[in-house]
Amino acid sequence: MALSLLVSPETSKEKKLLGVWKFENVAQTEHVSGNIFRNVTSGLKDEILITFQPDHTGIIKDIDLKMKASFTWELKSGHLAIIVEIQNSILQSLNGTFRMQFAGKKELKLVAPDGKVVTLSRPSA
């Protein structure tokens with residue numbers, strides 16, 4: 001008798017999420033006035049690596065500044081919740097709950113309810 005293993009969507013997304021990602025940018029739409037909006041993309045010139053670990057903790061490393069910070073994460077109902085304890089305004093954008101959109105194995109977009117999009121990519125080997 002063959003035994004089939006069921007893999008939940010949460011488990012599948014978690015497996016894709018685990019490991020090292022490179023911070024690319026944050027994009028959001030800002031209100032200027034009336035019905036005028038503008039798209040704003042913020043990035044960092046430093047190389048920032050974000051590691052999601054199996055124990056639901058993570059490490060953010062700024063390779064250039066030799067800075068490290070930790071965070072916790074949880075996957076629930078298809079959404080990723082991240083709590084970052086760091087004062088960097090751009091990396092604070094990782095705080096919150098996001099829908100995850102994987103583009104193959106190399107890119108991940110974290111979409112917040114307010115429309116903010118954080119883009120991560122797998123670093124080159």
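Rounded to 0.05, the FRET efficiency of the Gln87 and Thr11 pair, given R0 = 25 Å and the Cβ-Cβ distance, is 0.15.
Cross-link partners for Lys116 among the lysines, with Cα-Cα distance under 26 Å and sequence neighbours closer than 8 places in the same chain left out: Lys13, Lys15, Lys16, Lys22, Lys45, Lys61, Lys68, Lys76, Lys105, Lys106. Summarising the label geometry, the points placed 7 Å from Cα in the beta-carbon direction at His79 and Gln101 lie 1.7 nm from one another. Hey, for a label at Asp55 modelled as a point 7 Å past Cα toward Cβ, could you say which residues of the stretch 61-87 have their backbone N under 19 Å away? It comes to 61, 68-75, 82-85, nothing else.
Laboratory data are not the source of any read-out in this text; all were calculated from the coordinates shown. Every value quoted in this text rests on a predicted model; they were computed, and no experiment measured them. Note that we place each Cβ from the backbone using ideal geometry, even for glycine, and neighbour counts take in every protein chain shown.
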